[in-house]
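These notes concern the structure reproduced below.
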Amino acid sequence: MIIKPRIKGFVCITSHPSGCFANVREQAQYAGENKVSHDNRPKRVLVIGSSTGYGLSSRISAAFSCGADTLGVYFERPPTEERTASAGFYNSSAFCKLARDAGMKAEDINGDAFSDSVKNEVIQKAKEFGGSFDLVIYSLASPRRTDPKDGSNYRACLKPIGAIYKNKTLDTDKKLVKEVTIDPATEDEIFQTEKVMGGEDWEAWTDALLDANLLSSDCLNLAYSYIGPQVTTPIYRNGTIGRAKLHLENTAARLTEKMRNAGSGGAYVSVNKALVTQASSAIPVVPLYVSILYKIMQEIGTHEGCIEQTCRLFKDRLYGETDIPVDEENRIRLDDLEMDPVVQQRIVEIWPSVVTENLLELTDFALYQKEFLKLFGFGRSDIDYNLESDPFNPF
Ligand code: NAD
């Protein structure tokens, strides 16, 4: 099969196996060059949401910076006769091959992380895998969740709370800067978004792992959050998704208490940088903000991608020379370089002037597009996309 990108809105419905492999190999190489030397580095790591974006890079850092065995959980589409697998499926196969070739254990569970059956499967596999985890990373981004307690279905939405939101946004398909108007969420939409992206399922995972005695005495249990700039505050931090993130952040304190009572380590939320991932490209206004941010941070020399972020998380935050540095809300701040006042001041200055005609001049939309295609294994100069690929036996 000759595989080309087929973009529909903010997703690409095809993915290129060799391109995905090359992306994972590149990240593994970076992680290998940024080893964690601290004695306390993790040896057995569970990553929930391990196939793309922050979860994938976290798993790569755990394996290639720390030498850890990893168990990955994700929800990805395998290939069929007509269709390639999803990028996360190929990423995960690539990761397992590279990790095993380097002498580490790597096991995957492809299924719904919100379900009890996948939690039970992880517990079963963990026992075969060698025992308790000393790091758990919860990196799910999902538009929906079925609560296993009663089978109810919940849908997340990206809406402001309390007032209509009007701002400019970027139609990434048509390369148009245009205005977007989003009505405020109802109470039910706020509740449902919290059910999907809040801390309830993270807590269910923690309870299940504690019950099975699978968290080691110094285990760290980490989830990811985002705060972001003034321009996205009404739609992100003060919107439905921000409400869910607040719930997630508040859950951390309770999980720490439960873990300490059980003789385990503690739970943290790490606030990460805005980056192009499958999840973030679906959020209104974010692609425009990210395109401006990339330009500014590259000019200043502080730009990072997922792997640079997670390697810094492991090296300087989780397993550095000092106690884990946190802000006044007990959160790890990996978004420090994004939130640098110099960067944010320049965003505030550029934002009002961006229009379709000067998009390429005032932003790095070209890099945004390149990174977007790369998520699906496309746009790499070292891959010949005119050659046949086997979607079933890709590497
Ligand atoms: P992503 O879309 O790249 O990854 C999501 C992961 O979740 C994938 O591995 C996917 O397979 C998995 N997943 C989704 N639904 C699942 C299910 N039902 N069962 C099992 N696995 C499932 O997303 P991302 O951007 O890397 O986001 C990960 C976390 O990082 C989120 O909490 C997000 O809010 C946070 N974060 C993202 C950014 C950003 O800019 N991308 C910034 C800060 C924080």
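The values are calculated or read from the model by the stated rules, or taken from the named source; none is laboratory data. Note that the structure is predicted; figures quoted are calculated from it, not measured. Note: ideal-geometry Cβ built from the backbone for every residue, glycine included; neighbour counts use all protein chains shown. What goes into the accessible areas is simple: the full protein's heavy atoms, side chains included, and nothing from ligands, DNA or RNA. Shrake-Rupley method; radii C 1.70, N 1.55, O 1.52, S 1.80 Å.
Distance between the C-alpha centres of the stretch 322-395 and the stretch 263-291: 11 Å, rounded to the whole angstrom.
Within straight-line reach of K105, meaning a Cα separation under 27 Å, sit the following lysines at least 8 residues removed in sequence or on another chain: K35, K43, K97, K119, K125, K127, K315, K374.
In the context of the full protein assembly, I7 retains an accessible surface of approximately 70 Å², using a probe radius of 1.4 Å and ignoring ligands and nucleic acids. As a test of the formula, what do you get for the chain when each DSSP H run with n ≥ 4 contributes -39,500 (n - 2.57) and the sum is divided by the residue count, at 222 nm and rounded to the nearest 500 deg cm²/dmol? Taken over the chain, the calculation gives -11500 deg cm²/dmol. Loop-only GluC sites (Glu not before Pro) in the stretch 341-395, please: DSSP not H, G, I, E or B, and at most 14 other Cβ atoms within 10 Å. In loop regions of the stretch 341-395 (DSSP not H, G, I, E or B), the sparsely surrounded GluC sites (Glu not before Pro) are E388. The residues S50, S142, sorted by heavy-atom accessible surface at 1.4 Å with ligands and nucleic acids left out, run S142, S50 from largest to smallest. For the stretch 1-140, a/c is not less than 1.5, where a ≥ b ≥ c are the root eigenvalues of the C-alpha gyration tensor, and a/b does not top b/c. That puts it in the oblate class. Of the listed residues I164, I292, I227, the order by accessible area with a 1.4 Å probe, largest first, is I164, I227, I292.
Local charge for E299 was computed over the other residues whose Cβ lies under 10 Å away, with Lys and Arg +1 and Asp and Glu -1, and equals +1.
Positive contributions from Lys and Arg (+1) and negative ones from Asp and Glu (-1), summed over other residues with Cβ under 13 Å from the Cβ of I3, come out at 0.
A 1.4 Å probe run over the protein chains yields, for the chain, 43 Å² of accessible area per residue, whole-number rounding. Hey, which of these cross-link pairs are over 31 Å Cα-Cα: K159/K370; K4/K166; K166/K370; K175/K195; K149/K273; K178/K245? Violating the 31 Å Cα-Cα cut-off are K4/K166; K175/K195; K149/K273. Under 18 Å of direct C-alpha separation, and excluding same-chain neighbours fewer than eight residues apart, K174 reaches these aspartates and glutamates: E357, E361, D364, E371. Normalised by the number of residues in the chain, the average gap of Cα pairs under 8 Å and 6 or more apart makes the relative contact order 22 percent.
How big is D for the chain, in µm² s⁻¹ as a whole number, if Stokes-Einstein is applied with the Kirkwood radius of its Cα pairs at 20 °C and 1.002 mPa s? Once the numbers are plugged in, D ends up at 100 µm²/s. The convex hull built on the alpha-carbon positions of the stretch 268-395 has an orientation-averaged projected area of 11.4 nm². Estimated at the nearest 10 Å², the accessible area of H247 is 60 Å² with a 1.4 Å probe.
To put it simply, the accessible area of the stretch 75-226 at a 1.4 Å probe is 48 percent carbon and sulfur.
As a length-normalised measure over Cα pairs under 8 Å and 6 or more apart, the relative contact order of the stretch 275-375 settles at 44 percent. Count Lys and Arg as plus one, Asp and Glu as minus one, and take only other residues whose Cβ is under 12 Å from that of Y268; the net charge is then -1. Could you tell me whether the stretch 91-209 comes out rounded, prolate or oblate from its Cα gyration tensor? Rule is a ≥ b ≥ c as square roots of the eigenvalues, rounded for a/c under 1.5, then prolate if a/b exceeds b/c, otherwise oblate. Taking the square roots of the gyration eigenvalues as a ≥ b ≥ c, the stretch 91-209 is oblate.
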